[in-house]
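The structure appears below as structure tokens.
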Amino acid sequence: MSVLVLCERRSDGIDEPSLQALAFARALYPGTSVHALACGVAADEVAPLLGAYGVETLHVAEHEVFDTYAPHAVARAAVELAGRLRLHALLAGGSEQGNEVVARVGALLDLPFAANCVAAEAGPPLRVTRVRWGGSLLEEALLHAELALLTVAPHAVAAQETNDGPAAVERFAPALDDADLLVRVRERARAAGGGVTLADAKVVVSAGRGAGSAEGFAPVEELAALLGGAVGCSRAVTMAGWRPHTDQVGQTGTKIAPELYIACGISGATQHMAGCKGAKRILAINTDPDAPILESADYAVIGDLHDVVPAIAAAIRAARNEKAGAE
Amino acid sequence: MRILVAVKRVPMTGGTIVLTPDARAIATQHLGFTISPHEECAVEEAVRLVEREGGESVVLTLGPPEAEEQLRDAMAVGIDRAIHLVTDEEEWDGQATAGAIVEAVRAEEASSGPFDLLLFGNESADAGGYQVGVRVAHALGLPCVTGLKGIEVRGRLVRCEQEVPGGRDVFEVPLPALLTVKEGLNLPRYPSVPGRMRARQRPIARHEPQRPPARLEKLRFVVPEGERKEAEILGRGPEAAPKVVELLDQLGLLR
Amino acid sequence: MSSLPPRARAVVIGAGIVGSSVAYHLCRLGWDGVVLLDKGPLPNPGGSTGHASNFIFPVDHSKEMTQLTLDSVRQYEELGVFTRSGGIEVARTEERMQELTRRIASAKAWGVEPVSLLSPAEVKELVPYLDERVILGGFFTPGVGVVDSLQAGTLMRERMVAAGGLVVSPRTEVVGIEVERGRIRAVRTTAGDVETPVLVVACGVWSPRLARMAGASIPLTPAVHQMIDIGPVPRFERCTRAIEFPIVRDMDRNMYERQDGTSLEIGSYAHRPILHDPDEIPSLEEAALSPTELPFTQEDFAPQLEDALELMPEIVGDESVGIKYAINGLLSLTPDGMPILGETPEVRGLWSAAAVWVKEGPGVGRAVAEWMVEGESEIDLHSSDVSRFHEHQKTRSHVKARAAEGFNKTYGIVHPFEQWSSNREVRLSPFYERERELGAVFFEAAGWERPQWYESNASLLEEYGDRVTRREAEWDARWWSPIINAEHLAMRDRAAIFDLSAFAIFDVTGPGALDTLQQVSLRQMDVPLGRVVYTPWLTPSGGFRSDLTIMRLGDEHFRVVTGGAHGMADRKWLSDHLPENGSAQLADLTSAWCTLGLWGPRARDILASLTSDDVSHEGFPFATCRTIEVGPLRVLASRISYVGDLGWELYVPIEQGARLWDLVWEAGRPHGLVAAGIGVYGTTGRLEKCYRAYGAELESEYTVVEAGMAPPRVKDEDFVGKEAHLRHREEEPAAILCTLTVDDHASASGVRRYPLGREPILTRAGEPIVDAKGRRSYVTSAGAGPSVGKHILMAYLPPEQAVVGQELAVEYFGERYPVTVAVAGSTPLFDPENSRIRA
């Protein structure tokens, strides 16, 4: 018996969630041989990397459709491969793509699928703990299936290197029909501007309903610009139409991972906190010293954002002028 | 165009989630309910498409009798009619949900003609299973594109946009198709008073599907222990600014 | 985290508008070391203040509420958080148009001006988005406005924190209240314990829970008020201020509509009563919005949408205007619709400032603080007194039943004598079955069922023919019967018996009993055994606290008899004045004794036929009491009268009451005895005799001198209010209580009208009458005087108007009726020599 981990490529190799899924799979089935499936990758580049993360055999699916993202074709390839291997489980990272592809595998095989697991105990039946409500709640569940399908919630486990040699490579050309090829990325539209994106920003400055209006975000924008960061907001703000949804931090918005998250006038509802768990540090600016966000924050300033934020901006400019003067 | 939108009734949770004594559900006696956020956008999109292209929109849900509220919510913003797959309070897993929806869609198409578009949420706010739409599409033999923040119908083709780091991936599939969408696709409208009043008159077809045994069987919920921090208070009001700058400097964020 | 001082002068729980205001005024009145707690954050701790619609319509039929509201408006204005918008109560029915004229009258009676009636077109001019075809008119109060109640609370707290008298501690939850020997000792909180002699519960919908911690009762229930907010409204696009159009109350639909920025807010009291339990309110953490903003229940609001659409189709019918916010907001309801204020009767030092809405919040804060610091408030709060409740009125069942019944009357047309229909037949006198057989129509008093009149006396109508006035207008005749007047005449001619079991009866005994009663009573209480004394009880400033009778039954034994409605408050007042050393005890015998009144010229003959004891005038003088034998019963007979005729109050233990009734009834039949209701006892009988009633004529705002009840000399012993009373006797009274009669009842349509009380007294030219203390003249009581053939009104008038023969007017349903001062002072209109009671 063995496990199969679907590995998502990234420009410089394999994405982090896939590597975490590998670690999760090895911990779940110690000693079982670990197979990986990667589509449209350069095998010689990826095999050493995956080998180092414990993959015995790397299966590379080859087809022109894999030049781009084609989730249904990936699922077809996985199903074909699963038919050849005797598998306990098929896993992927809990990224958007990972969840989508494993869901498609579940549909093709008519098997249950547990998304975003943080823990599992081998069965049968496999017992999983999975994330719900964007992380505000965990569910313990049994997965009743010969072949367990699951994805691993991001950061549930850390990727773990094993120092093994390169994975053995097996190439195959999956049988794909026209319908399988239909769903594929036709073009890739780059975002205009090239400003800092919310997901990648090192600093995110965000505000909630307390901003009062679309215009109320001016000091927040100024501070973000001064720090080279991005502007975020709560769901109430996007629902009010003050900011575009792309600025929304939270369960149904963007999940951020900055060095510093400056949350202004944000109380800390569960849905919002689900989006900023990845922040290394949180500075809360809030009129209420007992607001829930202070239980997750590292630093706090008690006060109204309309008073505090402009003062910080002014102090930053002053500090920079001083530095510039000193140099 | 004929469009089906599938929605789910979910509680509007507050700051703290409280469980029922058996830990198998969220205690909702104080909570209101809503359509799961992604699906609110699906509803809005369906209404806009029918406003533009003509045709009919149908909202479908699988849930307890109270889920009628969400069907009325959808009809209040312009959906024409509703199908309610009435269940008991027990939660259905993704496979079971998809199975019941597939059956209902087939019955609906048999009586009223095929749908051009089926819109689902990418994942529900509560269960986060990421699979019902995908399963329904497969069972109905429809192409399926997920996680969309842009939909544009061009004749018998639909152009779909997915947000990815650094930009958007564009798909294009022929109709009929099943698309799953995410919040941010559009800004859903609020219902108007006439809309609310019309919604009360619009028809709801009810069916009571049988729940198959769960294959992803929920045992219980656990509220994760959040890491409680004691925030360091840097100060009060604008006077705290120098301390904040000091912190930014320490973190190397001033340059 | 907040840190609390270990000791405080007073701790106020709840930092909504009410608690903030109480704390503010306590500090203003000089208390130092006041602590204000709230379990929620500031400035919005999550109670009802935070989601209030924040508008204020000052006019109410209740004088007490109007005064509290007017004071609140003054305070909000002083704080700079009041925005005048004007407000219009619109009528969809003819009956409502009538009611609006009655509201105009109340506005004039309480001094809220200007107000006016508007035609539909005039309403449309002020509120252009309203469909004037739906309405018949409107009642316009330009002084209506909206307030920022959260900001008001913040300013109040900030001022007193800055002044140094106040410590504010948010996010501090009370976990226990320590009571020692019936007094508050300390409050335990999540931020530490505070020793305090005074604790104020200003916790809105949570108040019952806090009171229970101390073993007291604040009988209110959280109830849902549904509210939606729709917008953005194109017409309001350019509105820069929160409110630029008058607020509309759609009275007949129990709804209101107000512009709020670019939105229109629609609120309703029309839906089914949705009552909650204080223990079921979610915590701050669990609540999705705030603990008092519960999920909206769509189906309850559906009819209201249609009503709103009908009234304001331009906005409500606009497809582009969305429902942006909808809540089931919690507010507090009480069994009688009034706030719950004052020190609880159960625990000394535990004060309630609950069931208060934003419109009266600051006024209540000031009044309660005055009451705490000075022993009384400038505004008479007897209708809001927490100690007014009888035990059965504190039950969940009663509170819920009455709150549910009252909810849909929030904007209702409520007749002044309207009876409750829920939770009746709680207290039944031993005469009840006899009364039912006689066709009694029961009114409720303090939970007791009391006959108002007897249908079986309809035959008397024929006997008295034209001497009994019929009322032609349905409103005047509602909750009324001409039989009352016929019973009255039968009493004056022969005799009548009355069920007076609703009296509250307290025995005060022990070596300190006399001193105790001297201390609270204006009149001399050191009287011979067997004397009955009618006496006012005064407030420290010499206003009326109560009026009642006290029998001296022994050297150290007194029996206090007072009206049921106010009995519980009297009991608290009395027990508050018991000596600390325990030398006097108070026993509540209300449920041990029943009372049968027997009055009329034949009363003596009837009683004499039942007893061998001497009941002659000489043998049993007026204002004395003694135990006599009536058949097999020992009866405490007290020769006094509130109807102005010869007779007695007869007291027996409750289980013997039915027998007493039967004996008197049988003995009385040959004398033409009738059973008469409270319609005679409480209105016609006393008004002819110019007897005053507590709560009507007698209030803390008026003095004994003004009421014409000053004794010839003041006793030497000290008593509450003595100093003030002595001063009042030296001053020229600002007003004199007068009895007036209506000269002409004919309205413009020819229908004869009969004012029922609380109407403004005006000059014949229609000008309001204001005394030197700024008080308006209004009808304190009104009713028929069958024996004098007049409709009688009582009113306080300034001395220059208080002249017999002075011609004035009363405004009733929009018309003025001529009245004339018949008596200035307390000389009875009927039998001025009092020969009857002294017969």
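The values are calculated or read from the model by the stated rules, or taken from the named source; none is laboratory data. These numbers come from a predicted model, not from an experiment. All Cβ positions, glycine included, derive from the backbone under ideal geometry; neighbour counts span all protein chains shown.
Among the residues that make up the range A:306-316, is at least one of them within 8 Å of another protein chain (Cβ to nearest Cβ), modelled with pLDDT of 85 or more and farther than 18 Å from B:Pro238 by Cβ? For the range A:306-316, residues within 8 Å of another protein chain (Cβ to nearest Cβ), modelled with pLDDT of 85 or more and farther than 18 Å from B:Pro238 by Cβ: absent.
If you go through the range C:162-186 and pick out every residue that is touching a residue at least 40 places away in the same chain (Cβ under 8 Å) and in a strand (DSSP E or B), you end up with 9. Residues that are buried (at least 21 other Cβ atoms within 10 Å of the Cβ) and within 7 Å of chain B (Cβ to nearest Cβ) number at least 3 in the following strands (runs of 3 or more DSSP E) confined to the range A:92-202: A:113-121, A:137-143.
Within the range C:477-506, how many residues turn out to be in contact (Cβ under 8 Å) with a residue 12 or more places away in the chain and surrounded by fewer than 19 Cβ atoms within 10 Å (Cβ to Cβ)?
The qualifying residues number 4.
Taken together, C:Leu596, C:Leu574 contain a single residue that is modelled with pLDDT of 95 or more, part of a strand (DSSP E or B), buried (at least 19 other Cβ atoms within 10 Å of the Cβ) and on the phi < 0 side of the Ramachandran plot, which is C:Leu596. The sole residue among B:Arg228, B:Arg196, B:Arg211, B:Arg215 that is in contact with a helix residue (DSSP H, G or I) (Cβ under 8 Å, 6 or more places away or on another chain), buried (at least 17 other Cβ atoms within 10 Å of the Cβ), at the interface with chain A (Cβ under 7 Å from one of its Cβ atoms) and not aliphatic (A, V, I, L, M) is B:Arg215. Taking the criterion of being of a type in the set (D, E, K, R) and more than 10 Å from chain B (Cβ to nearest Cβ), the residues of the range C:264-292 that qualify are C:Glu265, C:Arg272, C:Asp277, C:Asp279. Of all the numbered requirements in (1) crowded, with 17+ Cβ neighbours inside 10 Å; (2) part of a loop (DSSP other than H, G, I, E, B), C:Arg272 misses one, and that requirement is (1). None of C:Arg713, C:Arg669 is within 29 Å of C:Phe431 (Cβ to Cβ) and basic (Lys, Arg) except C:Arg669. If you go through the range A:71-82 one residue at a time, do you hit one that is farther than 18 Å from A:Asp178 by Cα and outside any loop (DSSP other than H, G, I, E, B)? Yes; the residues of the range A:71-82 include at least one that is farther than 18 Å from A:Asp178 by Cα and outside any loop (DSSP other than H, G, I, E, B). Would you confirm whether any residue within the range C:178-194 is at pLDDT 95 or above, surrounded by 15 or more Cβ atoms within 10 Å (Cβ to Cβ), farther than 16 Å from C:Val11 by Cα and in contact with a Leu (Cβ under 6 Å, 6 or more places away or on another chain)? Checked against the condition, which is being at pLDDT 95 or above, surrounded by 15 or more Cβ atoms within 10 Å (Cβ to Cβ), farther than 16 Å from C:Val11 by Cα and in contact with a Leu (Cβ under 6 Å, 6 or more places away or on another chain), the range C:178-194 yields no hits at all. Cβ-Cβ distances below 6 Å connect the following pairs, each with a first residue in the range C:693-709 that is over 12 Å from C:Tyr796 (Cα atoms), a second residue that is part of a loop (DSSP other than H, G, I, E, B) and among the polar types (S, T, N, Q), and a separation of six or more residues or different chains: C:Ser700/C:Thr539. Taken over the range C:158-183, residues that are within 14 Å of chain A (Cβ to nearest Cβ) and within 30 Å of C:Arg241 (Cα to Cα) amount to 1. Candidates in the range A:29-50 are the residues that are part of a helix (DSSP H, G or I) and surrounded by fewer than 23 Cβ atoms within 10 Å (Cβ to Cβ); of these, the one that is farthest from the chain's Cα centre (by Cα) is A:Asp44. With respect to (1) within 7 Å of chain A (Cβ to nearest Cβ); (2) part of a loop (DSSP other than H, G, I, E, B); (3) under 24 Å from the mean Cα position of the chain (by Cα), the lone exception for B:Phe221 is condition (2).
Does at least one position in the range A:281-296 carry a residue that is part of a helix (DSSP H, G or I), surrounded by fewer than 19 Cβ atoms within 10 Å (Cβ to Cβ) and within 10 Å of chain B (Cβ to nearest Cβ)?
Start the filter on the range A:281-296 by keeping residues that are part of a helix (DSSP H, G or I), which leaves A:292-295.
Keeping just the survivors that are surrounded by fewer than 19 Cβ atoms within 10 Å (Cβ to Cβ) gives A:295.
This time we only want the ones that are within 10 Å of chain B (Cβ to nearest Cβ), so: A:295.
For the range A:281-296, residues part of a helix (DSSP H, G or I), surrounded by fewer than 19 Cβ atoms within 10 Å (Cβ to Cβ) and within 10 Å of chain B (Cβ to nearest Cβ): present.
In the range B:1-97, counting only strands (runs of 3 or more DSSP E) that sit wholly within it, the ones holding 3 or more residues that are crowded, with 22+ Cβ neighbours inside 10 Å span B:2-7, B:56-63, B:81-86. Answer with yes or no whether C:Val821 is farther than 24 Å from C:Thr703 by Cβ, surrounded by 14 or more Cβ atoms within 10 Å (Cβ to Cβ) and of a type outside the set (Gly, Ala, Ser). For C:Val821, the condition - farther than 24 Å from C:Thr703 by Cβ, surrounded by 14 or more Cβ atoms within 10 Å (Cβ to Cβ) and of a type outside the set (Gly, Ala, Ser) - is not met.
Against the condition basic (Lys, Arg), touching a Gly at 6+ places or on another chain (Cβ under 9 Å) and farther than 16 Å from C:Glu265 by Cβ, how does C:Arg348 come out, does it pass? So C:Arg348 fits the description; yes. With respect to C:Leu4, is the statement that it is outside the structural domain of C:Val161 (by TED's automatic domain parsing) and either assigned to a helix (DSSP H, G or I) or in contact with a strand residue (DSSP E or B) (Cβ under 8 Å, 6 or more places away or on another chain) (or both) true? Judged against the criteria, C:Leu4 is a match.
Looking at this structure, is C:Leu538 surrounded by fewer than 20 Cβ atoms within 10 Å (Cβ to Cβ), among the aliphatic types (A, V, I, L, M) and either at pLDDT 95 or above or in the same structural domain as C:Ile379 (by TED's automatic domain parsing) (or both)? Spelling it out, it is not the case that C:Leu538 is surrounded by fewer than 20 Cβ atoms within 10 Å (Cβ to Cβ), among the aliphatic types (A, V, I, L, M) and either at pLDDT 95 or above or in the same structural domain as C:Ile379 (by TED's automatic domain parsing) (or both).
Residues in the range B:53-83 that are in contact (Cβ under 8 Å) with a residue 60 or more places away in the chain, of a type outside the set (Asp, Glu) and more than 14 Å from chain C (Cβ to nearest Cβ): B:Gly55, B:Leu62, B:Ile79, B:Arg81, B:Ala82, B:Ile83.
Residue-by-condition table, conditions (1) assigned by TED's automatic domain parsing to the domain that holds A:Arg317; (2) touching a Gly at 6+ places or on another chain (Cβ under 6 Å); (3) free of Cβ contacts under 8 Å to residues at least 40 places away in the same chain; (4) not β-branched (Val, Ile, Thr):
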residue: A:Ala175; (1), (2), (3), (4): no, no, no, yes
residue: A:Ala189; (1), (2), (3), (4): no, yes, yes, yes
residue: A:Val196; (1), (2), (3), (4): no, no, yes, no
residue: A:Pro219; (1), (2), (3), (4): yes, no, no, yes
residue: A:Glu222; (1), (2), (3), (4): yes, no, no, yes
residue: A:Gly241; (1), (2), (3), (4): yes, no, yes, yes
residue: A:Ala263; (1), (2), (3), (4): yes, no, no, yes
residue: A:Gly268; (1), (2), (3), (4): yes, no, yes, yes
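Only a single item in (1) at the interface with chain A (Cβ under 7 Å from one of its Cβ atoms); (2) surrounded by 20 or more Cβ atoms within 10 Å (Cβ to Cβ) is not met by B:Leu142, and it is number (1).
All conditions in (1) at pLDDT below 90; (2) in a helix (DSSP H, G or I); (3) at the interface with chain B (Cβ under 7 Å from one of its Cβ atoms) hold for A:Thr252, with the sole exception of (2). Scanning the range B:110-132 for residues that are closer than 20 Å to A:Arg130 by Cα and of a type in the set (Gly, Ala, Ser) returns B:Gly121, B:Ser124, B:Ala125, B:Ala127, B:Gly128, B:Gly129.
Show me the strands (runs of 3 or more DSSP E) entirely contained within the range C:187-249 in which 2 or more residues are over 35 Å from the mean Cα position of the chain (by Cα) and touching a residue at least 12 places away in the same chain (Cβ under 8 Å).
Values: elements: C:192-195, C:199-201, C:221-231.
Once the strands (runs of 3 or more DSSP E) in the range C:187-249 are filtered for at least 2 residues that are over 35 Å from the mean Cα position of the chain (by Cα) and touching a residue at least 12 places away in the same chain (Cβ under 8 Å), what remains is C:192-195, C:221-231.
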